[in-house]
1. Under the condition of being surrounded by 19 or more Cβ atoms within 10 Å (Cβ to Cβ) and polar (S, T, N, Q), which residue from segment 178-205 is nearest to SER59 (Cα to Cα)?
2. Just for segment 268-288: of the residues that are hydrophobic (A, V, I, L, M, F, W, C) and buried (at least 23 other Cβ atoms within 10 Å of the Cβ), which one is nearest to HIS181 (Cα to Cα)?
3. Output the residues belonging to segment 119-140 that are more than 12 Å from SER89 (Cβ to Cβ), outside any strand (DSSP E or B) and either charged (D, E, K, R) or under 23 Å from the mean Cα position of the chain (by Cα) (or both).
4. Could you please tell me which pairs satisfy a Cβ distance under 6 Å, a separation of 6+ or placement on different chains, a first residue in segment 92-121 that is more than 23 Å from GLY142 (Cβ to Cβ), and a second residue that is crowded, with 22+ Cβ neighbours inside 10 Å?
Amino acid sequence: MVIRTDLADFIRHEISKFTEVIACQLKKPMNINLAGVKHGYAFGAGDSFAAALATQYLSSLKFLAIDPLSLSIYVNKSFDTRKTALAISYKGRTREVVKSADKLRSLGWEVVAITSDPHSPLASVVSNVVEVTSTCEEFPVGVSSFIATVAAVAKLLGVELNASTLKSQLNNVLIREVRMHGLVSARGISEVITVGEGSGLVPAYFTCLKLYETLCLPCRTYLLEEFLHAPIYSISRSALTVVFPSERTSKALSLSGILSKLGTPYVMVSKGSTCYANIISGVIQGLKLLIRLISEFNVKAPCYRDKKVLVTTSTPLIYIT
């Protein structure tokens, strides 16, 4: 295996693995049937919360995404009738995800873990495990691991996926340029604002996470309707707004005219033909934008590596070691 020491090169390589990772995940056996489930919750943290959001939209809101800490604090015997939950953690060691899964099981819930480690702390406290394809990532910045997780979720939910058709669709996205309107160089950007419409919220949220991890660049994520109701007034000329539309409507496209009149730089991401394609193509376009920013800022490694004290003190709060 070639070990990549350049961050932009690593992300390019991760993107090139997407179709292979998805195809590998689709070949994995699925012995869990959720056909009789009317509604439930999906929970995770970080990239796994982005996967929970993907679950929400891929299930047409049958499963609602929820923060695991809120779930562990507020769930009780009379919580509601949602007695099925999907606990998402790629490595299966996220502390609050394990805690919430364990509590739900003790209350009689059906809890399915979506993780790459069937022997993890999470796997030990749930009813069933959906095993996610294990990916090799030289930098601890989740990219293909997220794609594998979303593919596992899609298969679990019964979403029809054709690997060859998807490959063709993603190839079209790969060759398409991500245009930054009203901006020649990214050097003057002070923050990034990502706006998601429907399933576009998934790549919007995921893109923000990767900006935090790699550039430590301030980033805010909003649902489109929320953004229009007040945050739009806070945009400055040094803020880059990235709009991720849904696969179904075009309300997000109206933002281009507004942002142009404001004189603020923006990116209008192109949408996919289905919910799943929209999520994956949005992730790719967000990563292509990230590569450009990494290159222009001349960043060679994830910025959080330099924040050793913060990493050391926050990790025990996040993971079971």
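1. Taking the candidates together, the pick is SER199.
2. VAL269
3. THR133, SER134, THR135, CYS136, GLU137, GLU138, PHE139, PRO140, listed by residue number.
4. LEU104/ALA85; LEU104/VAL111; ARG105/VAL111; TRP109/ALA85
Every number in this text was worked out from the coordinates using simple rules, so none of it is lab data. Computed from a predicted model, the values in this text were never measured in an experiment. All Cβ positions, glycine included, derive from the backbone under ideal geometry; neighbour counts span all protein chains shown.
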